[in-house]
Amino acid sequence: MPTSSGTNRSGPNPGLSLVIPCFNEGAMLPFLKERLLQSLPALKMSWEVILVDDGSRDDTFAQLAALHAADPRFKVLSFSRNFGHQTAVFAGLSFATGDFVAVMDADLQDPPEFLGTCIAKLNEGFDVVYAVRRQRKESFFKRVCYATFYRLLRAIAEVEIPLDSGDFCVMRQQVVAVMRQMPERDVFVRGLRAWSGFRQTGIEYNRAARAAGETKYPFRKLVRLAMDGVFAFSPFPLRLAAYIGLGIVALSVLAALTVLVWKIFNFQLFGHYPAEVPGWSSVVCLILFMGGIQLLMLGVMGEFIGRIYNEVKQRPRWIIRETCGLNGADSKSS
């Protein structure tokens, strides 16, 4: 029977819980398994891997279930449908019981070998160590879009969100416990991580190309993720309406004074006297301009209202279809 989101708290806690969201990653999983089994034992601590099947339509779940059957340290959480990458990450965090909790993607662009470096940094007294992308193996257009987004978000967000850092990180369980208390439906994990505070630091790494398969983050989903970050952590889009309004008022006053002086002194302006220009074109252009600004601001307010509506409905953030090796899946909604 489908169940809503819950938390696993039974049994001894591993040293590390690694959360990996998966969506149609059937071609990627053999490579992922090999790399994890090579890198995780080198950490010299007990570990578990929580693989979240985000409503995949290929054989992802079948492979994950077989992986759990072969090695119970690999645990599986399967959604009833696709709820989105960020929701899958948050669901995995809700079941993570390790003293340290890591997040990485299944495409191996985030190298699991880097986890040891992050854990060593945590042992220096930090609570969160996030990976900062020094280089990306992606198109020039995407690199420009990423760089622009992170700098825009940092400029307008009310919390400091590190530049060029994604979800790839290692956190102490204390930080994850705080994040689990945040009830948002439109989740932006790296923003919630930054908002939680604690002692955080970044380590640079080179982001590799996807090892196999196709990207699960096309441009449309990247735009949606960017909107989640902007609208969840900054009221600037709403304030923008006031700024634009003040600017238009100032320009309108200036234009009105210019026209008044032009008519009183009857001089040529742009090659015309006042009597030669009836003014209909300027009036129509002004109306269209003001109408466009009003529609833009209505769209911005509509985005905020839509997100409020989504929160007010209080629907479960995800629905679990099946689990392998995880307890507490029948817990109440979060």
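Surrounded by fewer than 23 Cβ atoms within 10 Å (Cβ to Cβ) and of a type in the set (A, V, I, L, M, F, W, C): which single residue out of L40, L77, L32 fits that description? Result: L40 is the single residue among L40, L77, L32 that is surrounded by fewer than 23 Cβ atoms within 10 Å (Cβ to Cβ) and of a type in the set (A, V, I, L, M, F, W, C). Of the residues screened, L37 is one that is farther than 18 Å from A91 by Cα and either at pLDDT 90 or above or not hydroxyl-bearing (S, T, Y) (or both). Exactly one residue among Q109, Q63 is assigned to a helix (DSSP H, G or I) and more than 19 Å from V176 (Cβ to Cβ), and that residue is Q63.
Being among the polar types (S, T, N, Q) and out of contact with any strand residue (DSSP E or B) (no Cβ under 9 Å at 6 or more places or on another chain) is the filter here, so list the residues in the stretch 181-196 that pass it. Once the filter is applied, which keeps residues that are among the polar types (S, T, N, Q) and out of contact with any strand residue (DSSP E or B) (no Cβ under 9 Å at 6 or more places or on another chain), the stretch 181-196 yields only Q181.
Looking at T87 and the list (1) under 18 Å from E25 (Cβ atoms); (2) at pLDDT 90 or above, which single condition is not satisfied? In the conditions (1) under 18 Å from E25 (Cβ atoms); (2) at pLDDT 90 or above, T87 misses (2) alone.
The values are calculated or read from the model by the stated rules, or taken from the named source; none is laboratory data. Note that this is a predicted model, so its numbers are computed, not measured. Methodologically, a virtual Cβ is constructed for each residue, glycine included, from the backbone with ideal geometry; neighbour enumeration extends over all protein chains shown.
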